[in-house]
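The values are calculated or read from the model by the stated rules, or taken from the named source; none is laboratory data. Quick caveat: nothing in here was measured; it's all calculated off a predicted structure. Every residue, glycine among them, receives a Cβ derived from its backbone with ideal geometry; neighbour counts consider all protein chains shown. When the accessible area is computed, the model is the full protein with side chains, heavy atoms only, and any ligands, DNA or RNA have been set aside. Shrake-Rupley method; radii C 1.70, N 1.55, O 1.52, S 1.80 Å.
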Amino acid sequence: MKSNFKKNIINSLLLAIGFILHQVAPPIFFGMKPDLSLTMVFIIIILNEDYKTTLIVGIIAGILSALTTTFPGGQPANVIDKIITSNVIYLLLLPFRNKLNNQIKIIIFTAIGTVLSGTVFLTAASILVGLPQSFTAMFIAVVLPAALVNTVTAIILFNAIQISLKHAKVTL
């Protein structure tokens, strides 16, 4: 019980940090910002190996992203995107849990996850409210640069989190 409480507190703090980073991130193109809260979702999924945490984090991250989106009408698309992306990344990670080290996992799955997230978001937004540009233009101008930014940021954040957890003598 105590371990789960500690784990939930740490996951909540990581989500809050991701939320704050998402707020201060500058826009890339078309006024769209890289979703740095998504980076924290991937870090949480890699650090915690249970599905319940993945599902809860996906839902909460979707709600937080929906509350702060700058995309007109992007609220439902954000919730859909985070829930689908977190579940797919969890399933993709299963065969690699004990075969790759966490550094490699964070690089590969943040890049894949951000591209997946952007694709799901753009698809959902195009169906629900429409896109200001073509899907391809938005993908190239926003999703691919966001994947690069998120991947580099994820490496830095993951290492900082690992060092912090080690110094605090906390294991997840």
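Normalised by the number of residues in the chain, the average gap of Cα pairs under 8 Å and 6 or more apart makes the relative contact order 25 percent.
Here r is the Cβ-Cβ distance between Thr123 and Tyr51 and R0 is 22 Å; the resulting FRET efficiency, rounded to 0.05, is 0.35.
The length gained by stretching the chain between Thr68 and Thr171 to full extension, at 0.36 nm per residue less their Cα-Cα distance, is 33.9 nm.
Bridgeable lysines around Lys33 (alpha carbons under 25 Å apart, same-chain partners fewer than 8 residues away excluded): Lys82, Lys105. Its DSSP H runs of at least 4 residues, each contributing -39,500 (n - 2.57), put the calculated 222 nm mean residue ellipticity of the chain at -25000 deg cm²/dmol, to the nearest 500.
Taking only the Cα atoms of region 61-172, the ratio Rg/Rh comes out at 1.03, with Rh defined as the Kirkwood radius. Centre-to-centre separation between the Cα atoms of region 143-172 and those of region 56-70: 19 Å. Compute the FRET efficiency between Leu131 and Ile59 as 1/(1 + (r/R0)^6), taking r as their Cβ-Cβ distance and R0 = 30 Å, and round to the nearest 0.05. Calculated transfer efficiency: 0.75.
When the Gaussian network model of the chain links Cα atoms closer than 10 Å, the mean-square fluctuations of Val152, Val24, Val115 top out at Val24.
When the residues His167, His22 are ordered by accessible surface, computed with a 1.4 Å probe over the protein chains alone, the sequence from largest down reads His167, His22.
Pairs with C-alpha atoms separated by more than 19 Å, drawn from the list Lys7/Lys169; Lys6/Lys169; Lys52/Lys166; Lys7/Lys166; Lys6/Lys166; Lys52/Lys99, are Lys52/Lys166; Lys52/Lys99.
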